[in-house]
Amino acid sequence: MTQPLHIILLIHYSLYSNYGKSMLKFSALIAEGMEKRGHTVEYWKPPVIVGALGKPVPFLFKWLGYIDQYLIFPLLILWCKRNLPPNSLMVLSDQALGIWVPFIKNRPHVIHCHDFLALRGSLGEILHHKPSFTGRLYQQLIRWGFSQGKCFVSVSNATQTDLHRFLPAPAELSKVVYNPLNSPFTPFPSHNSWSELKGLWTGGEGKKFILHIGSNWYKNRLGVLQIFEQLAFKEPEIYLVMVSKPTRELLAWLNNHPQLSAKVIFLQNVSFNQLQSLYSLAEALVFPSLFEGFGWPVLEALSCGCPVLTTNAQPMTEVGGDVANYISTYPDSEDEQLNWAKQAADVLQEVLTIPSDLKEAKKKERINHAGRFSLEHSLLEYERCYQDAIRIAVG
């Protein structure tokens, strides 16, 4: 029987939307899961006081928000933690909140780590991402903060490897717990899927397409277009559906490839049922990411039985296991990118032309593999880590 805990869940500032729905879902997943397991959960987040004054002016909005987060909120943490019950555990939902760690480091705590792409960019490790001077300074402050932590949970081995590089000394607790599916993705029948998509993709019904999900710079959408260009020579009837907003770079590429522009469909404001329908109908998810912390779309696609073509690197290989199809990492050299795209298109065509008698068996394998990433398993592992953190603090 585990000891009931009083969990203080520290979450992001509510005025900032750049952390998106995924972090809100993750925090809610922890809170709801721990409450069902008999623990109490309390949310702590920065109050919206000074930041609200800057909403009409984007520049002021960001900097005034920092006052709420890093001047006012730390004082509230110091005040409120004085009277916490002895079974209390401070849980940071994201290592990006690391600046608060010095104010909780003497209490039992766990820091959830998702990815270190911003920090790596600030250190010059990622050519594709070069933050400003203030961005680099901000990431160093985050690193200074989380480096004072003792107990960590990473979403993948790739994230844990980065964490260990950035810590000044070995952590007292460092575990990998894979993300669970945070929504019930399952295959949709074809007729139901097209019904869901009628208002989203006009004229799309019955068309064959490959799929890409994501808009962040590291999703490598230009690489997706390059693969599609090579695939179109072999499969002229196929479309590319990209769930994201087109950037100037992508539109410029399409302007230079007018023969493909009508075959590339950008979809936005996609509902859960529509996303599930896209996964269920797609010939394959094409996901040649440069970097990831975990790689949600890989798991979501596999849960719907959709074939996956992704980068042969962690964490994509951790999530895809032996049921995904892999290609080499996107090269920096433009001369090498053409050969890379041709090779990727060859692998993708093999996926698309698999004999029909094997398709259903492969689909079941993908769904069964995705089932390993269950919510109950992740919650059990989180709970064990939380209990271990309490024991470490007690000594």
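Projecting the Cα atoms of Ala345, Thr202, Leu275 onto the charge dipole of region 190-370 (Cβ charges, centred on the Cα centre) puts Thr202 farthest toward the positive pole. Applying Stokes-Einstein at 37 °C and 0.692 mPa s to the Kirkwood radius of region 190-370, computed over alpha-carbon pairs, gives a translational diffusion coefficient of 200 µm² s⁻¹.
Electrostatic tally near Arg37: other residues with Cβ closer than 14 Å to its Cβ, Lys and Arg +1, Asp and Glu -1, net -3. The charge dipole of region 262-340, taken about its Cα centre with unit charges on the Cβ of Lys, Arg, Asp and Glu (plus for the first two, minus for the last two), comes to roughly 380 debye. Each peptide in 295-305, 326-336 receives the mean, over its residues, of other Cβ atoms within 10 Å, and ordering these scores from highest gives 295-305, 326-336. Amide H to amide H, with H built 1.01 Å from N, Tyr239 comes under 5 Å of Lys208, Phe209, Ile210, counting only residues 5 or more places away or on other chains. Over the C-alpha trace of region 21-128, radius of gyration and Dmax come out as 16.1, 47 angstrom. Can you tell me the FRET efficiency between Asn192 and Leu71 if r is taken as the Cβ-Cβ distance and R0 is 56 Å, rounded to the nearest 0.05? After rounding, the FRET efficiency stands at 0.60. A Förster radius of 25 Å combined with the Cβ-Cβ distance from Leu380 to Leu24 puts the calculated FRET efficiency at roughly 0.65. Binning the C-alpha pair distances of region 238-314 at 5 Å intervals from 0 yields a P(r) profile of 3, 13, 21, 24, 20, 14, 4, 0 %, listed from the shortest bin outward. Candidate cross-link partners of Lys219 among the aspartates and glutamates, defined by an alpha-carbon separation under 16 Å and a same-chain spacing of 8 or more, comprise Asp115, Glu249, Glu292, Glu300, Asp332.
Under a model in which nothing but the beta-carbon of Lys, Arg (+1) and Asp, Glu (-1) is charged, the chain shows a dipole of about 1180 debye around its Cα centre. Shown here is the pair-distance distribution of region 55-183: with all Cα-Cα distances grouped in 10 Å bins from zero up to the longest one, the shares run 12, 38, 34, 15, 1 percent.
For the chain, the normalised intensity computed at q = 0.14 Å⁻¹ comes to -1.28 (log10 of I(q)/I(0), Debye sum over alpha carbons, equal scatterers, no solvent). Would you work out which of Val153, Gly395, Tyr70 lies farthest towards the positive end of the dipole of the chain? Charges go on Cβ: Lys and Arg +1, Asp and Glu -1. Going by the Cα projections, it comes out as Tyr70. Applying 1/(1 + (r/R0)^6) with r as the Cβ-Cβ distance of Thr202 and Thr247 and R0 = 22 angstrom yields a FRET efficiency of 0.45.
For region 29-152, lysine pairs separated by 8 or more sequence positions, or belonging to different chains, with Cα-Cα distances below 25 Å total 11.
Only helices enter the 222 nm calculation for the chain: every DSSP H run of n ≥ 4 contributes -39,500 (n - 2.57), and dividing by all residues gives -13500 deg cm²/dmol, rounded to 500.
Rg and Dmax, both from the Cα atoms of region 152-255 and both in Å, are 19.7, 57.
For region 190-370, a simple Cβ point-charge model (Lys and Arg +1, Asp and Glu -1, everything else neutral) yields a dipole of about 540 debye relative to the Cα centre.
FYI, it's all coordinate maths here, none of it is from the lab. Fair warning: this is a prediction, and the values are worked out from it, not measured in the lab. Please note: Cβ atoms are built from the backbone with ideal geometry, for glycine as well, and neighbour counts cover all protein chains shown.
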